[in-house]
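Notes follow the structure.
Every read-out reported here was derived from the displayed coordinates using simple, explicitly stated rules and does not represent laboratory data. Here the structure is a predicted model, which is why all the values come from computation and not from measurement. Neighbour counts are summed over all protein chains in view; Cβ atoms, including those assigned to glycine, are modelled from backbone coordinates with ideal geometry.
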Amino acid sequence: MPRTTKRSSGPDSQADAIEDLYARGVTDGLPVIPPTLPRVERAIQASGRPADELIALVPPNYGRATVEKIAVNAVMAGCRPEYLPVVIAGVEAMCDEAFDLHGVAATTNFSSPLFIINGPIRKRLDVNCGVGVFGPGWRANATIGRALRLIAVNLGGARPGVISMSTMGHPGRYTYCIGESEEENPWEPLHVEHGFAPGDSTVAAFAGDSPQGIYDHKSRTAKDLLTTIGRSLGVVWHHKATALGDTLVVLSPEHVRTIAGDGWSKKDIQRFLWELLRKPVKELLPGKDGGEGLPESVLAGIPNPETDGTLIAKFRAPEHLKILVAGGTAGRFSAVIPGWTFPNGSNLVIKKIQTPE
Amino acid sequence: MHDGVFFEDQGLPTATVISAEFVKAARAQAEALGARQYQTVVLPHPIQPLTREEVRALADKAIDEVLARLTKG
Amino acid sequence: MPKDDRYLDPTDSVAVPRKTAHRPPSLDGKVITLLDISKPKGNHLLDRIEELLKERAKPKAILRRKKPTFARPAPDELRQQILSESDVVVEALAD
């Protein structure tokens, strides 16, 4: 067979560097861009910050995420220099106490930080918010998420099988970064709902499992559609799990039009889903319909669990159901992303992206 | 591990009880915190599906090692 | 020039060496804190360890303390409390 791929006659030092970096255990298994000094310096410059500025200590090892260390990892991930401010805000978000990266990084659960970008920067950096939003094809999504994963490993110590003990892991641990489709969102976008101005650009960190798909082609009303979505949410973690916290509901534009067309607000959606997902104690007993069920501490307060009809909610409060709009304009599909959410677990954290003047 | 390494550094002998699946994680964490020499008491994995009595039986097996971790003996 | 000098280090070695505490010859007369890290079953294990410690030594006291969550290091206040009131610690159960 004749070789059809044109061969370069250049030096192979780049390939050697790729092998070295893999051998040192500082990659995600895919080849990385060797973080040479000129590349790293371009990234630092694009951040508009001094190289030695400390952004955060990365749990659980508390490695120092200086602008330079963040830049080294961002270069390795394939980021363009102008992505640096987004990566820096992502580091701030995942290292915030409320996110609990310590637990997320070490847990046996599935969870991985998902980064959600809002605001005008989405357009400037061509962040994908639309078709195939969780999939490949956009450099900003692919490399910003990857950079933050490399930072969690190289500065935080979350090496799989060493500190990171996730039994299954999930594909989002290579990269997990989306934009919100604010243009298809008739309500307040995520960052505005959390107190930021519409003109601010932000990164949210959310500790999530893989997206779980919900198919509904037939519902024509908000109530019908949200009942399908609610019943599908009912199996998050397992069908008898209760007391869950932050959980993401990613609505596609077609589903959004059905819901908003009936005049429902985000608060209406949250309240409806929360109420739908309450179950009587007697349906949540361990050993009945599966070994899982209400914990001993809860059962201790219920005199006659076998007959008690008291409703117990799957989610601790309606506002823990975080509503997001993303995905292609064609297709009646939405997605649920279970969180790492037991009491004192991880909460959604949003940080503003500071871009240089 | 953070707590155990902290107490040891502050002068309190500490026995940290973990399951066998976490030996590597515990060692890596201790090393990352500068406590290469940190020792744990290891129980067989898994523990979560066990009954109260089965868990108590593990304590009976582990008590010698707990005492050894805490004293010069 | 060594190979590694061609690119910058993406990691950070922060570890400062930590000390290991001096061990007493026995637990007689000592205050022992049993720290529950708040994972299920840890309390059952510590209940039995408490009984066994009383059989095998003559501690001055055994204190039971609990972290709010296993998913984070203990809060500073709890750490300081344990430091001030105890001689040795048993922490369980990470699994």
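R0 = 25 Å: FRET efficiency of residue A:319 with residue A:283, Cβ-based, nearest 0.05? List each step's numbers first, then the result.
Values: r = 25 Å, r/R0 = 0.99.
For residue A:319 and residue A:283, the calculated efficiency is 0.50.
Just to be sure I understand the model, the point goes 7 Å from the Cα along the line to the Cβ. What's the resulting residue C:63 to residue C:78 distance in nm?
Placing both labels 7 Å along Cα→Cβ, they lie 1.4 nm apart.
Taking a label point 7 Å from the Cα of residue A:200 along the Cα→Cβ vector, which residues of the range A:118-141 have an amide N closer than 20 Å to it?
Residues A:118-125 qualify, since their backbone N sits under 20 Å from the label point.
Calculate the length of the line joining the C-alpha centroid of the range A:55-96 to that of the range A:252-324, in whole Å.
The distance from the Cα centre of the range A:55-96 to that of the range A:252-324 comes to 37 Å.
Positive end of the dipole of the range B:2-70, charges at C-beta (+1 Lys, Arg; -1 Asp, Glu), about the Cα centre: which of B:13, B:30, B:58 has its Cα farthest in that direction?
B:30
For A:165, A:76, B:1, which order do you get if you count the other beta carbons within 10 Å of each Cβ and list the fewest first? Before the final figure, lay out each step's value.
Working: A:165 18, A:76 29, B:1 26.
Result, fewest neighbours first: A:165, B:1, A:76.
May I ask you to list the aspartates and glutamates whose Cα is less than 12 Å away from that of residue C:60, ignoring any residue fewer than eight positions away on the same chain?
C:28, C:85, C:87
Over the range A:15-180, what is the mean sequence separation of C-alpha contacts under 8 Å (at least six apart), divided by residue count, expressed as relative contact order in percent?
On the way: 286 pairs, mean separation 44.2, N = 166.
The normalised contact order for the range A:15-180 reaches 27 percent.
Within 10 Å of each Cβ in peptide C:77-85, how many partner chain Cβ atoms are there on average? Round it to a whole number, please. All intermediate terms of the calculation are to be shown ahead of the outcome.
Working: counts 0, 1, 5, 1, 0, 6, 5, 0, 0.
Partner-chain Cβ atoms within 10 Å, mean over residues of C:77-85: 2.
For the range A:15-180, build the charge dipole from Cβ charges (+1 Lys, Arg; -1 Asp, Glu) around the Cα centre, then report which of A:163, A:18, A:99 sits farthest towards its positive end.
Selected residue: A:18.
Specify the angular offset, from 0 to 90 degrees and rounded to the nearest 10, of the alpha carbon long axis of helix C:76-85 from the longest principal axis of the alpha carbons in chain C.
Between helix and principal axis, roughly 50 degrees.
Here is the link list: A:123/A:266; A:223/C:39; B:61/C:58; A:69/C:41. Which ones come out longer than 29 Å on Cα distance? All intermediate terms of the calculation are to be shown ahead of the outcome.
Numbers: A:123/A:266 24 Å; A:223/C:39 39 Å; B:61/C:58 20 Å; A:69/C:41 40 Å.
Beyond 29 Å between Cα atoms: A:223/C:39; A:69/C:41.
Compute the Rg to Rh ratio over chain A from the alpha carbon atoms, using the Kirkwood formula for Rh, and round to two decimal places.
In chain A, Rg relative to Rh is 1.02.
Taking Cα atoms, how many degrees apart are the long axis of helix B:52-70 and the longest axis of chain B, rounded to 10 and kept between 0 and 90?
The helix B:52-70 is inclined about 30 degrees to chain B.
For the range C:27-92, what does the relative contact order come out to in percent, with C-alpha contacts under 8 Å and a separation of six or more?
On the way: 96 pairs, mean separation 36.2, N = 66.
Relative contact order of the range C:27-92: 55 percent.
To test your reading of the geometry: what angle, between 0 and 90 degrees and rounded to tens, separates the Cα axis of helix A:84-95 from the longest principal axis of chain A?
Long axis of A:84-95 versus the principal axis of chain A: about 40 degrees.
Please compute the modelled spin-label separation between residue A:188 and residue B:61, points set 7 Å along Cα→Cβ, answer in nm with one decimal.
5.5 nm
For the protein assembly as shown, what is the calculated [θ] at 222 nm in deg cm²/dmol (nearest 500), taking -39500 (n - 2.57) for each run of four or more DSSP H residues and dividing by its residue count? Before the final figure, lay out each step's value.
Details: 17 runs with 173 residues, N = 525.
Rounded to the nearest 500, the figure is -9500 deg cm²/dmol.
Run the dipole for chain C about the Cα centre, Lys and Arg Cβ at +1, Asp and Glu Cβ at -1, nothing else charged, and hand back the magnitude in debye, nearest 20. Could the numbers behind the result be given before it?
On the way: 19 positive and 16 negative charges, 57 e Å.
Roughly 280 debye for chain C.
Just to be sure I understand: of the beta bridges DSSP finds with both ends in the protein assembly as shown, what percent are antiparallel, rounded to 5? Write down the numbers at each step before the final one.
Working: 26 of 56 bridges.
Taking every DSSP beta bridge within the protein assembly as shown, about 45 percent pair in antiparallel fashion.
To the nearest whole number, what is the average tally of beta carbon atoms from other chains within 10 Å of the beta carbons of peptide A:52-65? Before the final figure, lay out each step's value.
Values: counts 0, 0, 0, 0, 0, 2, 2, 3, 9, 11, 6, 7, 3, 1.
That works out to 3 on average.
Going by Cα centres, the range A:122-157 and the range C:15-81 are how many Å apart?
Using only Cα atoms to place each centre, the spacing works out to 43 Å.
If I build a Gaussian network model for chain B, linking alpha-carbon pairs within less than 10 angstrom, which residue out of B:41, B:23, B:55 has the largest mean-square fluctuation?
Of B:41, B:23, B:55, the Gaussian network model singles out B:55 as fluctuating most.
Which of the listed residues, A:133, A:356, A:324, is farthest toward the dipole's positive end in the protein assembly as shown, when Lys, Arg count +1 and Asp, Glu count -1 at the beta-carbon?
Towards the positive end, the residue furthest out is A:133.
Along the Cα-to-C-beta direction of residue B:54, a point sits 7 Å from the Cα; which residues of the range C:24-52 have their amide N less than 20 Å from that point?
Answer for this model: C:39-49.
In debye to the nearest 20, how big a dipole does the protein assembly as shown give about its Cα centre with +1 on each Lys and Arg Cβ and -1 on each Asp and Glu Cβ? Walk me through the numbers on the way to the answer.
On the way: 64 positive and 64 negative charges, 116 e Å.
The calculation lands at about 560 debye.
With r defined as the distance between the Cβ atoms of residue B:72 and residue A:24 and R0 fixed at 51 Å, what FRET efficiency is calculated, to the nearest 0.05? Let's see the in-between values first.
Numbers: r = 40 Å, r/R0 = 0.79.
My answer for the efficiency is 0.80.
May I ask for the distance between the Cα centers of the range A:188-205 and the range B:7-50, given as a whole number of Å?
Answer, in whole Å: 41.
Based only on other Cβ atoms within 10 Å, what is the fewest-to-most ordering of B:17, A:67? All intermediate terms of the calculation are to be shown ahead of the outcome.
Values: B:17 26, A:67 22.
Ascending Cβ contact count within 10 Å gives the list A:67, B:17.
Please work out whether chain B counts as rounded, prolate or oblate from its C-alpha gyration tensor, where a ≥ b ≥ c are the square roots of the eigenvalues and a/c under 1.5 means rounded, while otherwise a/b larger than b/c means prolate and anything else oblate?
On the way: a/c = 2.56, a/b = 1.47, b/c = 1.74.
Taking the square roots of the gyration eigenvalues as a ≥ b ≥ c, chain B is oblate.
Once you sort the root eigenvalues of the Cα gyration tensor of the range C:27-92 as a ≥ b ≥ c, which label holds: rounded (a/c under 1.5), prolate (a/b larger than b/c) or oblate (the other case)? Walk me through the numbers before you get to the answer.
Working: a/c = 3.41, a/b = 1.31, b/c = 2.60.
Oblate, since a/c reaches 1.5 and b/c is not below a/b.
Taking the number of other C-beta atoms within 10 Å as the exposure measure, put A:112, A:166, C:13 in order starting with the fewest.
Values: A:112 28, A:166 19, C:13 11.
Least to most surrounded, the residues fall as C:13, A:166, A:112.
Using a Gaussian network for chain A with springs between C-alpha atoms less than 10 Å apart, which of these wobbles most: A:346, A:111, A:219?
Residue with maximal mean-square fluctuation among A:346, A:111, A:219: A:219.
Determine the relative contact order of the range B:2-70: mean sequence separation of Cα pairs under 8 Å and six or more apart, normalised by residue count, in whole percent.
On the way: 61 pairs, mean separation 25.2, N = 69.
Across the range B:2-70, relative contact order equals 37 percent.
Averaged over its residues, how many other protein chain Cβ atoms are within 10 Å of peptide C:45-55's Cβ atoms? Don't jump to the answer; show the numbers that get you there.
Details: counts 10, 3, 4, 10, 10, 1, 4, 8, 5, 0, 1.
Average per residue, whole number: 5.
Pick from C:21, C:57, C:74: which is most flexible by mean-square fluctuation in a GNM of chain C where alpha carbon atoms under 10 Å apart are linked?
C:21
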